[in-house]
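Only one structure is covered here, and it is reproduced in the block below.
Values in this text are rule-based calculations from the coordinates and carry no lab data. Predicted model only: the values in this text are computed from it and were never measured. Here the Cβ is made from the backbone with ideal geometry for all residues, glycine too, and neighbour counts use every protein chain on show.
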Amino acid sequence: MGFGRHILVALLCGLLWAAPVAAGLQEEIAAAVAARDRHDYPTATRILTRLIRQDKLPKQALGSVYGMRGVFWQEQREYYRAIADFTRATQLIPEQGEPYNNLAWIFATCSDPDFRNAELALKNALKAVELLKESPDSLDTLAAAHAEAGRFEEAVQVMERVVAWCEKQGEPTRLEVARQHLAAFRQGQPWRDQLRRP
């Protein structure tokens with residue numbers, strides 16, 4: 001989750017490719033994302049809640065909607081609701097790594113200490129790494145989970161892989177974020193999510 005919007009895009013792609021997709025679903029999702037992009041979170045979450053309550057979506061699509069709504073809750077610092085939605089998504093689509101990654105990110109980096117839990121962060125991060133085939137997002141989250149658990153040597157080792165990947169891919173924005181995380185871990189500091197207020 002350290003790289004932000006990439007997880008939301010992955011959830012959206014998973015939703016749009018879910019089969020069969022209910023008629024009009026893409027338009028509803030596009031409207032929710034547009035509302036979120038305008039920082040109109042009440043409208044965005046209302047649209048997704050309506051889709052969930054219709055109880056007409058295939059399991060894959062429903063899990064993705066829960067995951068997306070979890071992202072929206074997380075961006076509003078509604079961590080309890082975000083955790084509930086990500087957990088529901090893991091139950092509906094256990095083969096998808098993004099909800100596990102998002103749970104791990106909250107448990108490892110949440111600015112509110114009441115929601116941090118190193119054990120749950122590591123458990124969910126390891127599952128995300130397995131399912132997402134060691135993607136840079138999942139490795140970033142795993143490094144943050146190690147740091148939250150006080151395992152800074154492991155955090156540095158994992159984060160160095162992410163930095164190398166970003167350098168190789170030529171992604172300067174992601175590289176800057178990865179280097180910030182790596183610097184914190186080298187100083188023996190866990191990362192704290194720095195979500196901007198909507």
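For LEU126 paired with GLU171, estimate the spin-label separation in nm (one decimal), with each label point 7 Å from Cα along the Cα-to-Cβ line.
Result: 2.5 nm between the two label points.
For the chain, what are the per-bin percents of Cα-Cα distances with bins 5 Å wide, up to the bin holding the maximum?
1, 9, 17, 21, 19, 15, 10, 5, 2, 0, 0
Applying 1/(1 + (r/R0)^6) with R0 = 22 Å to the Cβ-Cβ distance of GLN91 and GLU119, what FRET efficiency is obtained, to the nearest 0.05?
0.65
Separation of segment 81-125 and segment 32-73 by C-alpha centroid, Å?
With segment 81-125 and segment 32-73 each reduced to a Cα centre, they are spaced 18 Å.
With each run of n ≥ 4 DSSP H residues scored as -39500 (n - 2.57), what mean residue ellipticity at 222 nm is computed for the chain after dividing by its residue count and rounding to the nearest 500 deg cm²/dmol?
Taking each H run of at least 4 residues, the total per residue is -23000 deg cm²/dmol.
Please compute the length gained on full extension between ARG161 and ARG38, using 0.36 nm multiplied by the number of residues separating them and subtracting their Cα-Cα distance.
40.8 nm
Quick one: helix 98-109 against the long Cα principal axis of the chain, what's the angle to the nearest 10°, folded into 0 to 90?
50
Extension gain ARG50-TYR80, at 0.36 nm per residue separation less the Cα-Cα distance, in nm?
8.8 nm
Using unit Cβ charges (K, R positive; D, E negative) and no other charged atoms, how large, in debye to the nearest 20, is the dipole of the chain about its Cα centre?
Value, rounded to 20: 420 debye.
Please report how many Lys pairs in the chain have alpha carbons closer than 26 angstrom, counting only residues at least 8 apart along the chain or sitting on separate chains.
Number of lysine pairs found: 6.
For helix 5-16, report the angle its Cα long axis makes with the longest principal axis of the Cα atoms of the chain; keep it between 0 and 90° and round to the nearest 10°.
30
Any idea which of ALA84, LEU103, GLY150 is furthest toward the positive side of the dipole for the chain, if Lys and Arg beta-carbons carry +1 and Asp and Glu beta-carbons -1?
Farthest towards the positive end: ALA84.
I'd like the orientation of helix 136-148 relative to the chain: the angle between its Cα long axis and the longest Cα principal axis, in ° from 0 to 90, rounded to 10.
60
What does the net charge come to around LEU131 if you take all other residues with beta carbon closer than 11 Å to its beta carbon, with K and R at +1 and D and E at -1?
Once positives and negatives cancel, what remains is -2.
Normalising by the residue count of the chain, find the relative contact order in percent from Cα pairs under 8 Å and 6+ residues apart.
18
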